[in-house]
Amino acid sequence: MAKLQKSIDKRNALVKATIELVNNNGFHATPMSKIAKMANVSPATIYLYFENKQDLVNQTYIEVKAEYTKYAFETYDESMSVEAGFELIWKRIADFKLKECENAMFLAQCDNTPMIDELSRQQGIKHLQPLLDLWTRGKEEGIIKPLSEYLLYAYAINPLSFLMITQKRGAFQLDKTHLEEAYQSAWSSIKVCK
C-alpha cells in the first residue's frame, strides 16, 4: 500500500510541476528534465507514467478539466430553470478560476494554444456536457440565442479567463460587484432579448 501511495505521489508531483512550469514558461520552454527536477524524480521516472511530454500535458489537461467541471457542476440540478442553472454554473466556474488560479491558467493556456492534441481536447469538451445540454434546452425553449456552443462559450465563459489573468497580474481586483456585473454581462450576451 505504501508503494502504491508513493507511486501516486510521484505522478501527482509530475502533474503539479507540469502545470507550474507550463504556466510560467510555456509549453515549448518546459523540458522534461525541468519537470522531473521540480517533481523531485529522475527523468526516467516520467516514462513510467507517461509516454512522452505530449502525453504528460494531454493527461494533465484532461485531469484538470475533470476537476474544473466537477466543481462547476457539483451543485447543479438539471431540473433548474435555464437561467438559474446558467447562473449557478457560471458562478461556480468563476469561483474555480479565482480560487484554483494555477489550474485555471493552465486550462486557459491549453484552450488557447495548439499544445493539446485534438483527441484530448474533445475528451475535455465531454466534461462540459451538462452546460452544453443546458444551452440546448435554453435554445429549444427560446431563452438562449441559437448560436453554436463555441460562440456561447466565447461570449459567456471565456471572459472569465481574461478577468482571472488581469487579477493575477494585479491590474484589476474582482470584488462581488464586479463578479455580478460580469455575470449579468455574460447572461445578457447569450439570452434572447424579449
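A few comments on the model shown:
- Region 6-29, subset surrounded by fewer than 15 Cβ atoms within 10 Å (Cβ to Cβ) and outside any loop (DSSP other than H, G, I, E, B), residue farthest from the chain's Cα centre (by Cα): Lys6
- Pairing each residue of region 71-91 that is closer than 18 Å to Asn158 by Cα and without any contact (Cβ under 8 Å) to a residue 60 or more places away in the chain with any residue that is β-branched (Val, Ile, Thr) and crowded, with 19+ Cβ neighbours inside 10 Å, provided the two are 6+ apart or on different chains, yields C-beta distances under 8 Å for Ala72/Ile89; Ala72/Ile93; Phe73/Ile89.
- Hits in region 78-105 - residues which are open to solvent by 70 Å² or more (accessible area, probe 1.4 Å) and either aliphatic (A, V, I, L, M) or in a loop (DSSP other than H, G, I, E, B) (or both): Glu78, Ser79, Glu100
- Under the condition of being in a loop (DSSP other than H, G, I, E, B), free of Cβ contacts under 8 Å to residues at least 40 places away in the same chain and surrounded by 11 or more Cβ atoms within 10 Å (Cβ to Cβ), the residues counted in region 167-194 number 1.
- Single unsatisfied condition, Met164 versus (1) outside any loop (DSSP other than H, G, I, E, B); (2) open to solvent by 40 Å² or more (accessible area, probe 1.4 Å); (3) in contact (Cβ under 8 Å) with a residue 24 or more places away in the chain: (2)
- Candidates in region 30-77 are the residues that are open to solvent by 50 Å² or more (accessible area, probe 1.4 Å) and not in a helix (DSSP H, G or I); of these, the one that is farthest from Gln109 (Cα to Cα) is Asp77.
- Picking from residues in region 114-138 that are open to solvent by 50 Å² or more (accessible area, probe 1.4 Å) and in a loop (DSSP other than H, G, I, E, B), the one that is modelled with the lowest pLDDT is Pro114.
- Screening Gly142 against (1) open to solvent by 50 Å² or more (accessible area, probe 1.4 Å); (2) assigned to a loop (DSSP other than H, G, I, E, B); (3) at pLDDT 90 or above leaves a single unmet condition, (1).
- The condition of being of a type outside the set (Val, Ile, Thr), without any contact (Cβ under 8 Å) to a residue 12 or more places away in the chain, open to solvent by less than 60 Å² (accessible area, probe 1.4 Å) and farther than 20 Å from Leu88 by Cβ holds for only one of Ala108, Ala154, that being Ala154.
The values are calculated or read from the model by the stated rules, or taken from the named source; none is laboratory data. Quick caveat: nothing in here was measured; it's all calculated off a predicted structure. Methodologically, a virtual Cβ is constructed for each residue, glycine included, from the backbone with ideal geometry; neighbour enumeration extends over all protein chains shown. Quick note on the areas: whole protein, heavy atoms, side chains included, nothing else; ligands and nucleic acids left out. Shrake-Rupley method; radii C 1.70, N 1.55, O 1.52, S 1.80 Å.
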